[in-house]
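**Q** Below is a structure I'd like to ask you about.
The values are calculated or read from the model by the stated rules, or taken from the named source; none is laboratory data. Small disclaimer: the values here were computed from a predicted structure and weren't measured. Positions of Cβ are generated from backbone atoms using ideal geometry, with glycine treated the same way; all protein chains shown enter the neighbour counts. With ligands, DNA and RNA removed, areas are computed over all heavy atoms of the protein, side chains included. Shrake-Rupley method; radii C 1.70, N 1.55, O 1.52, S 1.80 Å.
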Amino acid sequence: MAEDEPPRASLKPLVFRVDETTPEVVQSVLLERGWSKFDQHERNVEDWNLYWRTSSFRMAEHTNVKPWQCLNHHPGTTRLTRKDLLAKHLQHMGRLYGTPLYAFLPATFVMPSDYSKFVAEYFKEKQALDAKLSYWICKPAELSRGRGIIIFSDIKNLIFADTCIIQKYICNPLLVGRYKCDLRVYVCVTGFKPLTIYIYQEGLVRFATEKFDLGDLENSYAHLTNSSINRSGASYEKIKEVVGSGCKWTLSRFFSYLRSWDVDDLLLWQKINRVVILTVLAIAPSVPFAANCFELFGFDILIDDNLKPWLLEVNYSPGLSLDCSADVSVKRRLIHDTIELIHLHSLRNERKESCGATDGSPGVSLAGKDRGQGSDLPYESFSQLRSRRAFSKDETPVKKVVTTCPENRHNCQPREALSRQKEVHPSAREPPKAKPKARARHPALNTLIPFVSLIQPHGREKGLSPHIQPDNSWVPGPQAGNFVLIFPFNEATFGASRNGLNVRRIIQELQKLMHKQCSQVAEKKIKRK
Ligand code: ADP
């Protein structure tokens, strides 16, 4: 043990708080990592570090959050996760920045307000298609798990009561075997101000369990890929062509299947990354600032037979139940990596705070500011990690995480789990030394910035670079476990997301990137010929 390493006996665990809606896997992973469960009879009411629950927090809960605490939802993100609000935000962005950029959302009408627009579009299309049928899907705005959905081709079959959306039904999905599927892509937004988005490089592919058939629109087992529906179908256990039994694959299995068909999976992944960034960007300016929160979203993406990704919806508190082996292998690790990610994020914030933030963002951290409130609170934990030389000089925190907990991370004692108790009474702690002199806001990042994600193959190389610059300005870490930073993705977007969000500038950068990627694809094709 290093000289300055405290003895284990004097360490105390971090504390997580749950309610009856908190997924079981979250609790078990946190316990596995050495955290303690909050018990209101035994502890002070503020004596916890992480509150993870399925429903949102009230604004008062956000404003009262203490510097050592963290919540698993941002305020106001139903703008993203309610189907009607998502459509409105994306359509608004399409109007502002060009419809083609936002053409990843199938044409959508919010009912009842867009009813006449829908009817006009329906008849226009009917005429254009002549005798061919057009297909639509009607989804209740606030329901999930495929409940209340109808698919129709004839407007006579449209029935709706509450607010719902009518959407163009993607009738040429990419089929595996002859089964429809969609992707559940996990995204963690560690901050809206400044905007910081990570994508998870593993995920799930959910299959319909009966063969896709446009002649039978009422068959949910053929048209809806929700596992809550397909699990109860007669064909769930059956060994299905290519898909096998059950109704889920891991994303990595899906991508390797695509590679076996010579599909450019990197290009597809880049497109998905763009869909995620553009979607989050649509709501980012309107999300109220709240300290110490993060959020894990589930993006449902359908790929069509031209390999175009379509965004179907964004899920609030994506399902974390472990119903099959794919769930177990993806979701347990997902939660481990989420905890790693927020831990690293908190370390960075702390560092930023003690050095004086140079990116214009409020420096909040789990370990934070409020150090005079009594030594029993668990807030020392994250800061302690830094002060007791958690990382050797030439080892970045990210690198350390990746190297200390590789594959079998579930057996290792995660570093954030333990903290030294009462080592220094908080009130006796010296304030940070004088703030460093004002420095250039955006240093020459060039080689240092770890903006690798948009050019990084899915689940292959793992780029690691320092995330705290020599001048102490802050750059989000590139990776935590399977999470990879996708926004900001270069120096320009880093600059455009600090001191306010310059959406126009960010869109320009995305467009530049798209053009670059398109020309790379064209070059590749020419070389192949
Ligand atoms: P829910 O929140 O009820 O799960 P979704 O929007 O995710 O609603 O839709 C459920 C399922 O319906 C999707 O997983 C997908 O299989 C299918 N689906 C939804 N929208 C479309 C669409 N526009 N085109 C084709 N299939 C769709």
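**Q** Against the definition (among the polar types (S, T, N, Q) and either over 24 Å from residue 283 (Cα atoms) or within 14 Å of the ligand (Cβ to nearest atom) (or both)), how does residue 113 come out, yes or no?
**A** no
**Q** Which condition number does residue 225 fail, the rest of (1) touching a Gly at 6+ places or on another chain (Cβ under 6 Å); (2) buried (at least 21 other Cβ atoms within 10 Å of the Cβ) being met?
**A** (1)
**Q** Would you please list the contacts, defined by Cβ atoms under 9 Å and residues six or more apart or on different chains, that run from a residue in region 158-177 that is on the phi > 0 side of the Ramachandran plot to a residue that is away from the ligand (no atom under 12 Å from the Cβ) and open to solvent by 30 Å² or more (accessible area, probe 1.4 Å)?
**A** If the second residue must be away from the ligand (no atom under 12 Å from the Cβ) and open to solvent by 30 Å² or more (accessible area, probe 1.4 Å), the pairs left are 177/211; 177/241; 177/242.
Let's see how each residue does on (1) within 20 Å of the chain's Cα centre (by Cα); (2) assigned to a loop (DSSP other than H, G, I, E, B); (3) not polar (S, T, N, Q):
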{"position": "489", "(1), (2), (3)": "yes, yes, yes"}
{"position": "508", "(1), (2), (3)": "no, no, no"}
{"position": "515", "(1), (2), (3)": "no, no, yes"}
{"position": "520", "(1), (2), (3)": "no, no, no"}
{"position": "526", "(1), (2), (3)": "no, no, yes"}
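**Q** Got a number for residues in region 120-165 being within 15 Å of residue 217 (Cα to Cα) and within 10 Å of the ligand (Cβ to nearest atom)?
**A** Looking only at that region, the number is 9.
**Q** Please pick out the residue among 81, 54, 99 that is out of contact with any helix residue (DSSP H, G or I) (no Cβ under 8 Å at 6 or more places or on another chain), among the polar types (S, T, N, Q) and free of Cβ contacts under 8 Å to residues at least 40 places away in the same chain.
**A** Exactly one of 81, 54, 99 is out of contact with any helix residue (DSSP H, G or I) (no Cβ under 8 Å at 6 or more places or on another chain), among the polar types (S, T, N, Q) and free of Cβ contacts under 8 Å to residues at least 40 places away in the same chain, namely 99.
**Q** So, one more: Please state which one of 98, 76, 94 is under 20 Å from residue 314 (Cα atoms) and either of a type in the set (S, T, N, Q) or open to solvent by 10 Å² or more (accessible area, probe 1.4 Å) (or both).
**A** 76
**Q** If we keep just the residues of region 166-176 that are surrounded by 18 or more Cβ atoms within 10 Å (Cβ to Cβ) and of a type outside the set (A, V, I, L, M, F, W, C), which is farthest from the ligand (Cβ to nearest atom)?
**A** It comes out as 173.
**Q** Looking at 221, 186, 200, which one is free of Cβ contacts under 8 Å to residues at least 24 places away in the same chain, under 21 Å from residue 323 (Cβ atoms) and more than 10 Å from the ligand (Cβ to nearest atom)?
**A** 221
**Q** Further question on the same structure: Write out, first by first residue and then by second, each pair whose Cβ atoms fall under 9 Å of each other, whose residues are 6+ apart or on separate chains, and whose first residue, in region 333-352, is over 19 Å from residue 195 (Cβ atoms) and assigned to a helix (DSSP H, G or I) while the second is of a type in the set (S, T, N, Q) and modelled with pLDDT under 65.
**A** If the second residue must be of a type in the set (S, T, N, Q) and modelled with pLDDT under 65, the pairs left are 347/365; 347/383; 350/365; 350/383; 351/365; 351/472.
**Q** While we're on this one: When only residues in region 203-218 that are open to solvent by less than 30 Å² (accessible area, probe 1.4 Å) and more than 10 Å from the ligand (Cβ to nearest atom) count, which is farthest from residue 313 (Cα to Cα)?
**A** Here the answer is 209.
**Q** OK, next. If you check 282, 326, 290, which single one turns out to be at pLDDT below 95 and either surrounded by 19 or more Cβ atoms within 10 Å (Cβ to Cβ) or away from the ligand (no atom under 15 Å from the Cβ) (or both)?
**A** Step by step, each of 282, 326, 290 is checked, and only 290 is at pLDDT below 95 and either surrounded by 19 or more Cβ atoms within 10 Å (Cβ to Cβ) or away from the ligand (no atom under 15 Å from the Cβ) (or both).
**Q** Any residue at all in region 47-65 that is within 16 Å of the ligand (Cβ to nearest atom) and surrounded by 19 or more Cβ atoms within 10 Å (Cβ to Cβ)?
**A** The answer is no, given that none of the residues of region 47-65 is within 16 Å of the ligand (Cβ to nearest atom) and surrounded by 19 or more Cβ atoms within 10 Å (Cβ to Cβ).
**Q** On to the next question. I'd like to verify a number: residues in region 127-139 that are in a loop (DSSP other than H, G, I, E, B), of a type outside the set (A, V, I, L, M, F, W, C) and open to solvent by 60 Å² or more (accessible area, probe 1.4 Å), how many?
**A** Within region 127-139, residues that are in a loop (DSSP other than H, G, I, E, B), of a type outside the set (A, V, I, L, M, F, W, C) and open to solvent by 60 Å² or more (accessible area, probe 1.4 Å) number 2.
**Q** Can you say whether residue 105 is within 16 Å of the ligand (Cβ to nearest atom), in contact with a strand residue (DSSP E or B) (Cβ under 6 Å, 6 or more places away or on another chain), in contact (Cβ under 8 Å) with a residue 12 or more places away in the chain and assigned to a helix (DSSP H, G or I), as far as the supplied structure shows?
**A** No: the conditions fail for residue 105.
**Q** Select from region 302-312 the residues that are surrounded by fewer than 21 Cβ atoms within 10 Å (Cβ to Cβ) and within 13 Å of residue 269 (Cα to Cα) and write down the one among them that is farthest from the ligand (Cβ to nearest atom).
**A** Within region 302-312, the match that is farthest from the ligand (Cβ to nearest atom) is 307.
Residue by residue, here is whether (1) at pLDDT 95 or above; (2) assigned to a helix (DSSP H, G or I) holds:
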residue: 6; (1), (2): no, no
residue: 9; (1), (2): no, yes
residue: 16; (1), (2): yes, no
residue: 26; (1), (2): yes, yes
residue: 31; (1), (2): yes, yes
residue: 39; (1), (2): no, no
residue: 42; (1), (2): no, no
residue: 45; (1), (2): no, no
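**Q** If you don't mind, another one. I'd like to check something: does region 233-252 contain any residue that is part of a helix (DSSP H, G or I) and open to solvent by less than 20 Å² (accessible area, probe 1.4 Å)?
**A** Yes, some residue in region 233-252 is part of a helix (DSSP H, G or I) and open to solvent by less than 20 Å² (accessible area, probe 1.4 Å).
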